[in-house]
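Right, one structure below, let's go through it.
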Amino acid sequence: MRRWVGVLSAFLLSIGAVSPVSAQDPGRPVPTGQGSGFQLEQNYPNPFNPETKIPFVLSEELFVDGRPAVVSLRIFNLLQQVVAVPVALGHISGEGVQLQQLEYFQPGRFEAFWDGTDASGRQVASGIYFMQLTVNGVSKTRKMYVLK
């Protein structure tokens with residue numbers, strides 16, 4: 001029965017019927033619409049093998065109070081398990097810094113890079129994965145495809 005629930009959840013996620021849940025509140029779906037002062041754009045190439053770039057936009061409304069935007073990006077599998085944390089490209093902290101609780105001080109279009117490996121450094125299997133961008137506690141999620 002437990003396996004059946006996992007398979008059903010994976011299927012619903014893959015067709016977009018449900019969204020991955022928020023890390024802050026496991027029972028609350030992740031917002032996927034526009035607004036919130038940022039956009040998560042589609043990764044490219046998509047499908048990809050073995051690596052991809054993930055663009056995102058931080059708008060001016062995030063910075064009106066003079067504080068930085070705190071940004072994280074995580075990759076999930078169909079079972080909603082964290083697979084990897086991509087690295088930020090062109091961040092003030094330098095190249096190759098994991099995009100986890102990084103501060104951005106100005107609006108603009110930014111990119112992250114994922115080499116298609118999991119946290120152990122192994123190439124992930126072909127399939128559907130989710131990228132989840134969190135900015136100041138608000139998350140947006142998109143699908144991506146690994147094709148070998």
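A few notes on this one:
- Strands (runs of 3 or more DSSP E) within region 43-148 that include 2 or more residues within 14 Å of the chain's Cα centre (by Cα): 52-58, 69-76, 82-84, 87-89, 108-114, 127-135, 138-146
- Between Gln132, Gln123, the distinction of being in contact (Cβ under 8 Å) with a residue 12 or more places away in the chain and surrounded by fewer than 20 Cβ atoms within 10 Å (Cβ to Cβ) belongs to Gln123 only.
- Entry remark, region 47-76: residues being touching a Phe, Trp or Tyr at 6+ places or on another chain (Cβ under 6 Å) and farther than 15 Å from Arg109 by Cβ number 5 in total.
Where a number appears in this text, it was derived from the coordinates with a stated rule and is not lab data. Since we're looking at a predicted model, the values are computed, not measured. So basically every Cβ, Gly included, is an ideal-geometry build from the backbone, and we count neighbours across all protein chains shown.
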